[in-house]
Amino acid sequence: MIQKKIGELLIEEGFINDEYISFALKEQESTGERVGDILVRLGIVTDTEVAAVLAKQSKKDFVDLTDFSFDKKVLETIPISFTRQYTVLPLSNDNGMFRIAVSDPFDIKIPELVPGGGIEPPTQGFSVPCSTD
């Protein structure tokens, strides 16, 4: 089965129309950016909408992290430098098996890089942007 492109999924979900995709594809030719990133930058869709369709595209669960209640102990199990470098957040730790949210569900190297235990299949997450200072 051929995987649908993000633009097709955004249209199916009713977030955009064909004109926006055409414009984003032309923009992509000149900037090299991802279509989803272009649409967010232009204010056509939100980060949450793109994350939701990326989760659907990758057959992962989607978790809106805006109101997610994080367990401080779980957050401390993975070094902050790692979470920033790979854009991941630990959501839970059940006997050494992490459940993580990722910004890119297609980054296949993340599960093997998570320090300190096993990992469940990653969840596509969305979070309000935060400082990396």
#### Entry: Scan of the range 65-96 for residues that are out of contact with any Leu (no Cβ under 8 Å at 6 or more places or on another chain), touching a residue at least 24 places away in the same chain (Cβ under 8 Å) and surrounded by 13 or more Cβ atoms within 10 Å (Cβ to Cβ), ordered by number
Thr77, Ile78, Val88, Leu91, Asn93
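Quick check on the range 17-69: of everything there that is hydrophobic (A, V, I, L, M, F, W, C) and touching a strand residue (DSSP E or B) at 6+ places or on another chain (Cβ under 6 Å), which residue is farthest from Phe106 (Cα to Cα)? Break it down into steps so the answer makes sense when it comes.
Taking the range 17-69 and keeping what is hydrophobic (A, V, I, L, M, F, W, C), we get 21, 23-25, 35, 38-40, 42, 44-45, 50-55, 62-63, 65, 68.
Now restrict to residues that are touching a strand residue (DSSP E or B) at 6+ places or on another chain (Cβ under 6 Å): 51-52, 54-55, 62-63, 65.
On the way: Ala51: 12, Ala52: 14, Leu54: 9, Ala55: 10, Phe62: 14, Val63: 16, Leu65: 19 Å.
Filtering first and then ranking leaves Leu65.
Tell me, which helices (runs of 4 or more DSSP H) wholly within the range 12-91 include 3 or more residues that are modelled with pLDDT under 90? Before you say what the answer is, go through the steps one by one.
Numbers: elements: 18-31, 35-41, 47-58, 72-75, 80-86.
Output list reads 47-58, 72-75, 80-86.
The values are calculated or read from the model by the stated rules, or taken from the named source; none is laboratory data. Quick caveat, the model's predicted, so the values are computed rather than measured. Neighbour counts are summed over all protein chains in view; Cβ atoms, including those assigned to glycine, are modelled from backbone coordinates with ideal geometry.
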